[in-house]
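The values are calculated or read from the model by the stated rules, or taken from the named source; none is laboratory data. Please read these numbers as outputs of a predicted model, since none were measured by experiment. Cβ placement follows ideal geometry from the backbone for every residue including glycine, while neighbour counts extend to all protein chains displayed.
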Amino acid sequence: MPELQIIGAPQSNYVRVVRIACAEKGVPYTLVPVAPHSPEVDAIHPFGKIPVMRHGDVTLAESRAICFYVDHTFDGPPLTPRDPVKGARTEEWISLVNTTIDPLLVRQYLLAYFFPRDPERRPDRAAIDAVLPSMEKHFAVLDRAVATGHLVGASFTLADMNLLPILFFMAKTPESRAMLDRSPNLRGYYERHEARASVKDTIPPPFPGRS
Ligand SMILES: N[C@@H](CCC(=O)N[C@@H](CS)C(=O)NCC(=O)O)C(=O)O
């Protein structure tokens, strides 16, 4: 078997999803820690985003496609339930997180903290305050969704692997931390699953130039 390369900076949530999936599956890989739009990435992703993957002659972009490939190429426990309803439920949650929750919690809220436009890197207070009411609704949805301890059924699926990297950052920034603390199911879910080896072993390093 050729070497599996996961290409992308380890600070990226989507890179982390793929790394958690590889760890859960028991698949060894080499991490190539490069930024979006670097030549290795642009050679594979049509819009220069991370992660991308290289495995022999196979190259892939997009975390969901990479996880599909890993799941169906290698031995190991399935990342998504093969039962059609539970499998579809898993896809439903991956899609909800990627199309609705990530754009608000990560691209609007978190980036206003970590990548503000201000030259002195002060958090963008107006942008943060503007998203807080919608974030409360997202936290309420997630709190209900994980009431049984997982997003889907009684097992840890790719839907959980896809959400936990976002919660990691939500636990670090003040308003989202307060929302997490007011969401008992979600907080318990996060604390339980952050102890999993696949999750612990992929904790992202600080963004370059930040502590
Ligand atoms: N839909 C993509 C999203 C990947 C994504 O947005 N990656 C971010 C880093 S977390 C990125 O590369 N951003 C750079 C850009 O959008 O130009 C996936 O699931 O892999």
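Looking for whichever is touching a residue at least 40 places away in the same chain (Cβ under 8 Å) and over 25 Å from residue 66 (Cα atoms) here; the options are 161, 179. Which one fits?
179
Please indicate, with yes or no, whether at least one residue in region 150-169 is surrounded by 20 or more Cβ atoms within 10 Å (Cβ to Cβ) and over 16 Å from the mean Cα position of the chain (by Cα).
Yes, there is a match, as at least one residue in region 150-169 is surrounded by 20 or more Cβ atoms within 10 Å (Cβ to Cβ) and over 16 Å from the mean Cα position of the chain (by Cα).
Looking at region 141-158, which of its residues are in a loop (DSSP other than H, G, I, E, B) and either hydroxyl-bearing (Ser, Thr, Tyr) or touching a residue at least 40 places away in the same chain (Cβ under 8 Å) (or both)? Spell out how you get there, then give the answer.
So in region 141-158, the residues in a loop (DSSP other than H, G, I, E, B) come out as 146-157.
Hits for region 141-158 are 146, 148, 149, 151, 152, 153, 155, 156, 157.
Select from region 84-124 the residues that are of a type in the set (D, E, K, R), at pLDDT 95 or above and loosely packed, with under 13 Cβ neighbours inside 10 Å and list them in ascending order. Steps first, answer last, please.
Kept after step one, since they are of a type in the set (D, E, K, R), are these residues of region 84-124: 86, 89, 91-92, 102, 107, 117-118, 120-122, 124.
Narrowing further to those that are at pLDDT 95 or above: 86, 89, 91-92, 102, 107.
The answer is 107, and nothing else.
May I ask you to list the residues in region 83-140 that are of a type in the set (Val, Ile, Thr) and either assigned to a loop (DSSP other than H, G, I, E, B) or more than 14 Å from residue 170 (Cβ to Cβ) (or both)? Spell out how you get there, then give the answer.
Of region 83-140, the ones of a type in the set (Val, Ile, Thr) are 85, 90, 94, 97, 99-101, 106, 128, 131.
Of everything in region 83-140, those that are of a type in the set (Val, Ile, Thr) and either assigned to a loop (DSSP other than H, G, I, E, B) or more than 14 Å from residue 170 (Cβ to Cβ) (or both) turn out to be 85, 90, 94, 99, 100.
Among what's in region 172-211 and is farther than 14 Å from residue 136 by Cα and small (Gly, Ala, Ser), pick the residue that is nearest to the chain's Cα centre (by Cα).
198
Sort out which residues of region 24-75 are more than 8 Å from the ligand (Cβ to nearest atom) and among the acidic types (Asp, Glu), and write them in order of number.
Answer for region 24-75, where residues must be more than 8 Å from the ligand (Cβ to nearest atom) and among the acidic types (Asp, Glu): 24, 40, 42, 57, 71, 75.
Please find, within region 64-83, the residue that is surrounded by the fewest Cβ atoms within 10 Å (Cβ to Cβ) out of those that are under 29 Å from residue 2 (Cβ atoms) and acidic (Asp, Glu).
75
Sort out which residues of region 170-192 are surrounded by 23 or more Cβ atoms within 10 Å (Cβ to Cβ) and among the hydroxyl-bearing types (Ser, Thr, Tyr), and write them in order of number.
Within region 170-192, 176, 189 meet the criteria.
For region 50-75, give me the residue count where each residue is part of a loop (DSSP other than H, G, I, E, B), closer than 19 Å to residue 202 by Cβ and touching a residue at least 24 places away in the same chain (Cβ under 8 Å). Don't jump to the end; show me each part of the working.
Keep residues of region 50-75 that are part of a loop (DSSP other than H, G, I, E, B), which gives 50-51, 56-57, 62, 74-75.
Now drop any that are not closer than 19 Å to residue 202 by Cβ, which leaves 50-51, 62, 74.
When the remaining residues are screened for being touching a residue at least 24 places away in the same chain (Cβ under 8 Å), the result is 50-51, 74.
Number of matching residues: 3.
Which fully enclosed helices (runs of 4 or more DSSP H) of region 170-211 have 3 or more residues being charged (D, E, K, R)? Walk me through it before giving the result.
Numbers: elements: 174-181, 184-193, 197-200.
Counting at least 3 such residues, we get 174-181, 184-193.
So which residues in region 1-42 are closer than 18 Å to residue 168 by Cβ and acidic (Asp, Glu)?
24, the sole residue that qualifies.
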